[in-house]
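The values are calculated or read from the model by the stated rules, or taken from the named source; none is laboratory data. Computed from a predicted model, the values in this text were never measured in an experiment. Here Cβ is always computed from backbone atoms with ideal geometry, including for glycine, and neighbour counts include all displayed protein chains. Heads up: the accessible areas ignore ligands, DNA and RNA and are worked out on the full protein's heavy atoms, side chains in. Shrake-Rupley method; radii C 1.70, N 1.55, O 1.52, S 1.80 Å.
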Amino acid sequence: MVNEREVKYDEFARFILPVGPVHPALKEPFHLKIIVKREEVLDVELRLGHVHRGIEFLAENRNLIQAIYLTERICGICSHSHTTCFIQALEEVGGLKPPERALYLRTLIFELERAHSHLLLLGIMAYQIGFDTLFMYTWAAREKVLDLFEEITGNRIHHAMNVIGGVRWDLTPKMAEKTIRVMKDIEVTTRRIYDFFRGETVEKRLSGVGLLSQHDAHELCVVGPTARASGLVFDVRKDDPYAAYGDLNDSFSVISKKEGDSYARTEVRILELFELINIVQAALDRLPNGPINLGESPVRLMRRIPRGEAISRVEAPRGELIYFVKTNGGDGLERLKIRTPTLANIISLKKMLIGCEIADVPVIVTSIDPCLSCANRITLVDHETGEVKVVNADELRRKKS
Amino acid sequence: MIWEALKSLFKKPLTVQYLTKPDEKVPVPERYRGKISYNRDACIGCLLCIRTCPAGAITADERKVSFSLDRCIFCGQCSETCPRKAIEITSKFEIVVYTKSEIASQ
Amino acid sequence: MIALEILLATLPLVFLLSLLFEGIDRKVHARMQRRIGPPIIQPFYDFIKLLVKENIVPTTAARSIFNASPSLAAASSIVGAAIPLANLIARTGIIGDLILVMYLLTMSSIMIVVGGSSSGNPYGAVGFSRKIMMLIGYEIPLLISVVSISIKAGPSLIYYDIILAQIKSDKCLACAYISSATAALTFLLCISAAVGVVPFDIPEAKTEVIHGPLIEYSGPQLALLKLAKSSTIFSLSLLAFTLFFYFPTIYELSIVLGEIATLGACLLGSLMVMLLTVTLPRTVFARLKIGQAFKTYWFFPLPMAITSLMLSVLGW
């Protein structure tokens, strides 16, 4: 942590540049206090917590069905990842086994969501380096995926696809056809986007920026594309298969790069787009027939879940997402603990930012694809003494009432 | 990139207007989750929808239920919970009004 | 005195034309991105809207400089654009000193950053230091290229003399001599940096320093700064077209169709120059870093400008 009093203000060229909580380079609020000397970043202090919503606490006051929709609204981009992870834990506690077709459909939506999330990031990356045209082209491709979501699930972002013991909506043959068509489109567009990203002006801005060595990545426990771009080969889809990934194991490979810079992180995402197109096609080819859920009323299913606890993890677009769920045997939750990928990744920002130029700050911040409303936690810092204390659930409850 | 940009200059814009033609909106897909329609006669008053509504948008009302659309998050859980299919999701999405009291009357 | 009257009469015309040029630029930019884009008169709407908005002066700002600099920037760039236009309309070289025009345009961009740095905002200060770096980068080749052609056309630094030289020699300068062709290329390359658009919008990069110098400005002051920028674009494109590509056929048009036709052809030509040097680069390139931009200018246009100057002295 940077102590303001220690910084020498008398040095002319050195000053504090506040980035955020409101800044055009950051789509979600967090605060970076950057100490710069001319263009060089000397030190960084990260502050989160501007959009803390107390979701874990809220979930404990709701029943399980209500909590599904609450977890869906943690993130506006990887909403399906959150519900899948939560429902997997519930199914583990309740000993429910969703039918095969439901697992395949979950995987399908999961991968489509990854497509839209990665395309979103590529667009924002282009926007951060002032390349508005590439941003528009990328988001035009993303729009097709969103339209597909609207058709399959009835909403562009919050799909409400998962229910306890399966999925809510079936895929009609017409939709499957359209999915394949859109995937072919996306493949062509991604190839073009890849060419643009390999073009000279973009590479100039991205390569060598925000280096994170394999050692540091391992030490800081980063996850997802950020880790894979630093040479760590780790993917929950391969290492601990969930949903239908076990069956689809042969249809994709884990992308990994050695460089560890912003360009590698972008490239990993582009190459993952090609992989996920394969997964979607394989999932559609092998889609088994049969029911899509357990066919019981949701309220009855909810009551069948006994007291117990489970940990579930999925590979969300941004990395490994972990849920710890403890049910109370009624229809509610005793404790919900969420470790989002951004929470794991955001610490690595400090390592990447120190020593870079001001112009690189938005690029580096974007390259880990931060999703901040997922990552906000409360830590109280006493301003006078610098003492840090963490508020526990009981205290929070008392404060609320 | 230059060719791509110059080619795009002579292509039709990708933007989709809200009204594709006068009085004609972009078609919404079949499953689109819009405004709730409630069949009061079919309702048996089990109040299960109140228990499962994540937003607390449904309240009991003389052994039946009533909806406050300003709290609705359009998840469609109530229509799934309902044992008699008295609640249906329509694809109507233009529900913007000027005052809060108008929402209640919808 | 007549010259001054013509100059004053041209001012509203510059205002209209520069905002119209900006509108066309935005429309073409949007179409290249496959968007519909704003209506062409959108800059007028923006300008009027900003004029009636509240003007906020931050408490940390040096008030007098902060308030004066937008007006100075707008005034100098509009006059800088009006001088060549007035010369074209009046067909005299009475007030057309090229050094004055270049000075006014540089003055305008310096006033913008001076105002920004006086706002007391750290982003304004970063924008200031970046702009000064950029000025060193592009201003020298830009000036050398102007000097190089003025040697060829006389030597004379009077704006209309250069045009007359092109009419007399029956060839536009860029086609006549190798030195002038090099100078023309240098000038065109420097335009996008001089007006500060992507890839050289480093001083006011939106995602990095939040519009740098413009960050604290609001209302009428912001309107004036925007006007300053768009009239600089207009002025530089007009200069680039008329100094280097004034084809004698344009002059002959006036004999057949009247003087309006000549002016129209000039404006159309400068519109083309703007689309080529401002709109196209900002569509197809990413923003450079300050070091990269600086290197680009010192390794490419600067040697070119010096070569051009040497060639023209040698009589090529």
With all protein chains present and a 1.4 Å probe, the order of A:247, A:43 from largest accessible area down is A:247, A:43
Given 37 °C, 0.692 mPa s and a Kirkwood radius over Cα pairs, the Stokes-Einstein diffusion coefficient of the stretch A:55-344 in µm²/s is 168
Magnitude of the Cβ-charge dipole (Lys and Arg +1, Asp and Glu -1) of chain C about the Cα centre, nearest 20 debye, reported as 820
Lys pairs in the stretch A:55-344 with Cα under 25 Å (8 or more apart in sequence, or on separate chains) total 14
By accessible area (1.4 Å), largest first, A:360, A:285, A:185 order as A:285, A:185, A:360
Given all pairs of distinct Cα atoms, the protein assembly as shown yields a Kirkwood Rh in Å of 30.1
Measure of exposure for residue A:189: accessible area at 1.4 Å probe, Å² rounded to 10, is 20
Partner shielding of A:358-367, as the mean number of partner chain Cβ atoms within 10 Å, equals 4
Filtering GluC sites (Glu not before Pro) in the stretch B:26-84 by DSSP loop and by at most 15 other Cβ atoms within 10 Å leaves B:30, B:62
Each label sits 7 Å from Cα toward the beta-carbon; between residue B:85 and residue A:221 the label points are separated, in nm, by 4.9
Of the residues A:206, A:68, A:110, the Cα lying farthest along the dipole of the stretch A:55-344 towards its positive end, which is defined by charges on the beta carbon of Lys, Arg, Asp and Glu, belongs to A:68
Note: A vs C interface, total accessible area buried (1.4 Å probe; ligands, DNA, RNA excluded), nearest 100 Å², is 2300
Loop-resident GluC sites (Glu not before Pro) in the stretch A:257-310 with no more than 15 other Cβ atoms inside 10 Å, DSSP not H/G/I/E/B, are A:296
Across chain C, qualifying lysine pairs (alpha carbons under 18 Å, at least 8 places apart or different chains) come out at 15
Excluding residues fewer than 8 positions from residue B:64 in its own chain, the lysines with Cα under 18 Å of it are B:85
Rounded to the nearest 500, the 222 nm mean residue ellipticity computed for chain C from DSSP H runs (n ≥ 4, each -39500 (n - 2.57)) alone is -25000 deg cm²/dmol
Taking the dipole of the stretch A:276-365 about the Cα centre (Lys, Arg +1; Asp, Glu -1; charges at Cβ), the one of A:353, A:290, A:306 that reaches farthest to the positive side is A:306
1/(1 + (r/R0)^6) with r = Cβ-Cβ of residue A:47 and residue B:62, R0 = 56 Å, i.e. FRET efficiency to nearest 0.05, evaluates to 0.65
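Given a Förster radius of 41 Å and the C-beta distance between residue B:10 and residue A:198 as r, what FRET efficiency does 1/(1 + (r/R0)^6) yield to the nearest 0.05?
0.95
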Probe 1.4 Å, heavy atoms of protein chains only: per residue, the accessible area of chain A in Å² is 39
Applied in sequence order to the stretch C:145-155, the curve 6.51 cos²θ - 1.76 cosθ + 1.60 (Karplus, θ = phi - 60°) yields integer Hz couplings, x standing for Gly and Pro, of 5, 5, 4, 4, 6, 5, 5, 5, 9, x, x
Among the stretch B:61-91, those whose backbone N falls under 14 Å of a label point 7 Å along Cα→Cβ from residue B:100 are B:68-72
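I'd like the mean, over residues of C:284-297, of how many other protein chain beta carbons sit within 10 Å of each residue's own Cβ.
6
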Non-local residues with an amide H under 5 Å from the amide H of residue A:163, with H modelled 1.01 Å from N and Pro and chain starts lacking one, are A:168
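Quick check for me: using +1 on Lys/Arg Cβ and -1 on Asp/Glu Cβ, what's the dipole size of the protein assembly as shown about its Cα centre, in debye to the nearest 20?
Computed charge dipole of the protein assembly as shown: roughly 1240 debye.
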Once residue A:172 and residue A:213 are pulled to full extension, the length gained, defined as 0.36 nm per residue separation minus their Cα-Cα distance, is 10.1 nm
Excluding ligands, DNA and RNA, the carbon-plus-sulfur percentage of the accessible area of the protein assembly as shown with a 1.4 Å probe reads 60
Computed curve, chain C, Cα-only Debye sum without solvent term, log₁₀ I(q)/I(0) at 0.06, 0.11 Å⁻¹, is -0.19, -0.67
Listed by chain and number, the lysines with an alpha carbon less than 16 angstrom from that of residue B:92, same-chain partners under 8 positions apart left out, are B:25, B:35
Dipole check, the stretch C:206-316, charges on Cβ (K,R +1; D,E -1), about Cα centroid: among C:243, C:215, C:275 the Cα furthest to the positive pole belongs to C:215
Rounded to the nearest 500, the 222 nm mean residue ellipticity computed for chain A from DSSP H runs (n ≥ 4, each -39500 (n - 2.57)) alone is -14500 deg cm²/dmol
In this structure, the FRET efficiency calculated for residue B:51 and residue B:3 from their beta-carbon separation, with R0 = 45 Å, to the nearest 0.05, is 0.15
Residues whose modelled amide H sits under 5 Å from the amide H of residue A:17, counting only those 5 or more places away in sequence or on another chain, are A:34, A:35, A:36
Magnitude of the Cβ-charge dipole (Lys and Arg +1, Asp and Glu -1) of chain A about the Cα centre, nearest 20 debye, reported as 880
Taking the stretch A:283-376, the whole-percent share of alpha-carbon pairs separated by over 16 angstrom is 71
Taking only protein heavy atoms and a 1.4 Å probe, the highest-to-lowest accessible-area order of A:50, A:218 is A:218, A:50
At the level of C-alpha centres, the distance separating the stretch C:229-247 and the stretch A:212-228, in angstrom, is 52
Checking rank on C:23-34, A:104-115, B:50-61, B:5-16, with mean other Cβ inside 10 Å and highest first, the result is A:104-115, C:23-34, B:50-61, B:5-16
CD proxy, 222 nm, chain B: helix-only mean residue ellipticity via -39,500 (n - 2.57) per DSSP H run with n ≥ 4, per residue, nearest 500, stands at -5000 deg cm²/dmol
Any residue on another chain or 5+ positions along whose placed amide H is under 5 Å from the amide H of residue C:97 is listed here as C:159
Shape call for the stretch C:215-293, from the Cα gyration tensor axes a ≥ b ≥ c (a/c under 1.5 means rounded, otherwise prolate when a/b beats b/c, else oblate), comes out oblate
Once all protein chains are kept in place, residue A:101 shows an accessible area at probe 1.4 Å, nearest 10 Å², of 20
Per the beta carbon screen (other Cys under 4.7 Å), unpartnered cysteines of chain B come out as B:43, B:46, B:53, B:72, B:75, B:82
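For chain B, what D do you get in µm² per second when you plug the Kirkwood radius from alpha-carbon pairs into Stokes-Einstein at 10 °C and 1.306 mPa s?
96
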